[in-house]
Amino acid sequence: MFKEVLAEDQDCLTLNVGPQHPSTHGVLHLVITLKGETILRVDPHLGYIHRSIEKMCESLSYRQFIYVTSRMDYLSAHINNHGCALCVEKALQIEVPQRAQVIRVLMDELTRIASHVLWWGAMAMDVGAITPFFHAFREREMINEIMEETCGARLTMNYMVPGGVMYDLHPNFQRRVKQFISFFKSKLNEYDELLTDNIIFKQRTQHIGVLRREDAISFGATGPVGRGSGWACDVRKRAPYECYHQLQFEQVVEQAGDCYARYLVRMGEMRQSLSIIEQLIDNIPSGDYQAKTKAVLKLPKGEYYSRVETARGEFGVYIVSDGGTTPYRIKFRSPGFSNLSALDHMSRGHKIGDLVAIMGSLDLVIPDIDR
Amino acid sequence: MISLEFILQSVDRWLRDRLGHEVAVAVEYVLVGLFVILFFAVLGLVLVFMERKVSAWMQVRLGPNRVGPGGTLQTLADTIKLVSKEGLTPAGADRFLFNLAPVLMIVVSMLLLAPIAFARNVQLWDINIGVLYVSAISSVSVLAVLIAGWSSNNKYSLLGAMRSGAQIVSYELSAGLSVLTIVVLSGSLQVSQIIEAQQTGWWLFRGHVPVLVAMIIYLIAVTAETNRAPFDLAEAESELTAGFHTEYSGMRFALFFLAEYANVFVASAIGAILFLGGWMPLHLGNWDAFNRIMDWIPSSIWFFAKTFFFIFVIMWFRWTFPRLRIDQLLELEWKYLLPLGIVNLLVATTIAVAGWYF
């Protein structure tokens with residue numbers, strides 16, 4: 001499909017990785033230039049599942065466009081929806097009830113754990129261990145069931161509405177979440193035994209794909225990728241939304257900037273998310289789960305921006321309104337795109353096996369990059 | 001008592017009575033050939049099924065359980081699918097070499113069966129340099145991998161084949177050294193004599209630490225030689241899609257697949273012969289009653305139990321560890337296993353010369 005880039009050096013080999021390849025986690029197409037097994041250059045080719053979501057949003061009302069974003073980063077669909085809802089609320093100055101805020105945060109953190117658990121399995125699979133993938137899915141299934149009960153769906157939850165959430169929590173919610181917490185805590189230690197301290201895994205990830213702090217900032221690599229490079233960029237801490245400022249949790253930051261540091265950040269974040277859920281699960285305030293809003297929302301003329309921390313990094317929503325019922329222009333700042341842009345920088349000089357480990361540690365979701 | 005040896009002798013006598021010496025021998029050659037092919041087919045089915053069940057057990061899932069009782073016919077169904085599939089040859093491939101590679105691979109695996117003693121006095125060819133023969137023949141399989149990678153006209157295949165070449169040639173050394181440890185202790189290269197030497201106890205128990213170290217090195221080295229995870233760099237699913245056999249489909253792919261499992265079987269069988277006494281039953285000092293009960297168990301069961309123990313360990317590796325990178329793989333061999341193997345061999349030689357083993 002793509003013409004092979006003839007390398008200046010005739011000894012070089014150009015290799016198409018993807019769009020159908022087991023470790024690109026979707027339809028990502030990388031054109032890599034090799035010398036032996038050493039990577040000289042990586043060119044990502046995007047657009048295989050571009051669905052022009054931003055353009056589609058322009059023809060949807062402010063209640064509807066939120067749900068299209070579930071199809072972008074489908075592993076943190078809930079958090080994407082959250083970002084969009086926040087932006088609309090900000091524009092209309094809607095006060096979200098306390099109960100709705102807590103429910104939103106609970107769901108966000110559950111989504112984050114579900115996403116990180118899946119990443120853990122996929123990362124292990126990328127470096128060649130297949131078993132963790134299945135163990136990860138066992139835990140993810142529990143979260144999916146909780147989501148299914150309350151939101152009615154397992155992957156694209158569509159639970160957020162401007163002003164709160166769509167329905168109240170299911171009566172079983174608290175019991176099942178508590179069950180999950182106690183189960184998952186022991187499993188996290190098992191994860192550490194299986195992979196974190198594994199010497200082969202350490203060899204495959206330590207000092208591989210180093211991204212220094214300055215580079216992380218200039219590439220705009222946020223989320224665990226940025227924090228693995230020592231950049232404290234957690235939106236939940238830097239620009240708290242909902243009730244995050246009242247919660248006790250730490251921003252996990254590692255200094256090394258290699259694949260293993262990014263791995264440790266995500267493992268730490270799962271523990272932090274668990275602690276957030278533990279703080280909230282017994283303290284869900286009573287009251288409304290949704291603020292009273294008009295049936296048809298019209299944003300005042302102007303430009304609005306809000307951002308949230310998804311499992312992959314900073315997700316920004318930028319709405320330009322001309323005062324009508326649909327947005328004039330929407331732009332999403334998706335974390336995956338910026339993180340992918342650092343791939344070439346990180347993988348130069350490494351081996352093919354390392355490229356796979358680096359891609360795994362970036363936690364790429366292709367629909368999030370292509371939109 | 002019905003044993004494998006008894007059955008074979010009866011068949012031999014029956015044939016000789018009816019056909020005369022020369023014709024009987026000719027018929028027996030044909031029978032042995034058929035046996036090897038049949039054994040391979042059964043081995044492939046059993047080992048693939050075992051691998052799927054073992055992996056399912058380690059991965060908290062059920063594994064195949066729909067076709068036949070307990071899913072046992074699943075592998076047979078898969079084989080039928082593979083046989084009936086079209087075997088594609090990619091454009092630009094070297095047709096002759098492309099078709100030669102899987103055949104070479106499977107022939108090498110079949111040749112390796114020759115010196116293996118399946119039970120007491122049941123052996124296809126008791127060559128006097130048995131273990132050397134195995135080492136020599138098994139390294140030919142690297143040729144098949146290189147041919148497959150080169151002739152496929154695919155960059156992934158080529159990369160996989162080059163990795164495999166470096167890997168098999170390196171790990172051959174360690175495997176050879178750990179085999180030598182036992183050869184030194186037994187004083188023979190002949191498989192039957194190595195087993196005889198373990199009449200009073202398996203080398204694993206009699207040979208102190210050096211044999212244990214040799215066994216561990218042997219296990220690591222053969223895992224690498226048979227291209228299985230964590231050393232499956234030639235295939236490296238997440239990096240090279242399927243490595244050297246990316247372009248193979250249908251029966252030709254099945255031959256590679258079968259050869260991999262056959263190699264695992266042969267490697268485990270040699271391991272069982274060297275370290276655990278092959279078909280030799282477990283004997284404990286002067287416990288006569290215990291020893292007699294152990295003798296009562298047929299020797300073929302002893303052999304297959306030990307072999308399948310090793311096969312299970314190799315499968316266990318595969319479903320537990322992440323994959324190494326090519327430079328780390330070679331580093332492990334040249335910097336750690338090879339020096340350790342040489343020192344270990346010296347220690348074992350000292351023990352053998354001084355007669356310090358039990």
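Mind jotting down the three principal axis lengths of the range B:224-290 based on Cα atoms? Whole angstrom, largest first.
Result for the range B:224-290: principal-axis Cα extents of 58, 24, 15 Å.
At a 10 angstrom cut-off on C-beta neighbours, averaged per residue, how do the peptides A:77-85, A:329-337 rank from highest to lowest?
Working: A:77-85: 26.9, A:329-337: 21.2.
Averaged packing, sorted descending, gives the order A:77-85, A:329-337.
Specify the longest stretch of chain B that does not include any exposed loop site, a site being one of the trypsin sites (Lys or Arg not before Pro) with a non-H, G, I, E, B DSSP assignment and at most 15 other Cβ atoms within 10 Å.
Working: sites that count: B:ARG61, B:ARG66, B:LYS85.
Longest gap between qualifying sites, sites excluded: B:86-358.
Would you calculate the separation in nanometres between label points at A:LYS294 and B:ARG206, each defined as 7 Å from the Cα along the Cα-to-beta-carbon direction?
It works out to 9.5 nm between the two label points.
What nm value, rounded to one decimal, do you get for the distance between B:ASN153 and A:ILE199 when each label is placed 7 Å out toward the C-beta?
About 4.5 nm, to one decimal.
Under a Cβ-Cβ cut-off of 11 Å, what is the net charge of the residues other than A:ILE369 that fall near it, where Lys and Arg count +1 and Asp and Glu count -1?
Numbers: positive: A:ARG312, A:ARG371; negative: A:ASP73, A:ASP368, A:ASP370.
Taking every Cβ under 11 Å from that of A:ILE369, the sum is -1.
Sorted by packing (mean other beta-carbon atoms within 10 Å per residue), highest first, where do A:21-31, A:48-58, A:227-237 land?
On the way: A:21-31: 19.8, A:48-58: 14.8, A:227-237: 21.7.
The most tightly packed comes first, giving A:227-237, A:21-31, A:48-58.
Of B:PRO115, B:PRO69, B:PRO339, which has the largest mean-square fluctuation in a 10 Å C-alpha GNM of chain B?
B:PRO69
Using only Cα atoms, figure out Rg for chain B and give it as a multiple of 2.2 N^0.38 Å. Spell out each step's value before the answer.
On the way: Rg = 21.2 Å, N = 358, 2.2 N^0.38 = 20.6 Å.
Against the compact-globule rule of thumb, the ratio is 1.03.
Filter the GluC sites (Glu not before Pro) in the range B:1-110 down to the DSSP loop ones having no more than 16 other Cβ atoms within 10 Å, then list what survives. All intermediate terms of the calculation are to be shown ahead of the outcome.
Numbers: sites: B:GLU5, B:GLU22, B:GLU28, B:GLU51, B:GLU86; in loops: B:GLU86.
Sites meeting the loop and neighbour criteria: B:GLU86.
In whole Å, what are the Cα extents of the range A:52-370 along the three principal axes, biggest one first?
58, 41, 29
Can you tell me the orientation of helix A:98-126 relative to chain A, as the angle in degrees between its alpha-carbon axis and the longest Cα principal axis, to the nearest 10?
Compared with the principal axis, the helix lies near 20 degrees.
Mind listing the phi-derived Karplus ³J(HN,Hα) values for the range B:221-234, rounded to whole Hz, using 6.51, -1.76 and 1.60 with θ = phi - 60°, and x for any glycine or proline?
Rounded to whole hertz, the list is 5, 6, 4, 5, 5, 8, 6, 10, 4, x, 10, 7, 5, 5.
Of all alpha-carbon pairs in the range A:1-145, indicate the percentage at a distance above 25 angstrom. Show your work: numbers first, answer last.
Values: 5365 of 10440 pairs.
Tail of P(r) above 25 Å: 51 percent of Cα pairs.
Tell me the label-point distance for the pair B:LEU88, B:ASP12, using the 7 Å Cα-to-Cβ offset, in nm and rounded to one decimal.
5.0
Please give me the summed charge of the neighbours of B:PHE317: other residues whose Cβ is under 15 Å from its Cβ, Lys and Arg +1, Asp and Glu -1. Could you put the intermediate results ahead of the total?
Numbers: positive: B:ARG228, B:ARG318, B:ARG323; negative: B:GLU51, B:GLU225, B:ASP232, B:GLU235, B:GLU260.
Neighbourhood net charge equals -2.
Around B:SER55, with a cut-off of 10 angstrom between Cβ atoms, what is the net charge of the other residues, counting Lys and Arg +1 and Asp and Glu -1? Could you put the intermediate results ahead of the total?
Values: positive: B:ARG52, B:LYS53, B:ARG61, B:ARG318; negative: B:GLU51.
Its environment carries a net charge of +3.
Laboratory data are not the source of any read-out in this text; all were calculated from the coordinates shown. Not measured: the values here are computed from a predicted model. Heads up, the Cβs are rebuilt from the backbone with ideal geometry, glycines too, and the neighbour counts pull from every protein chain shown.
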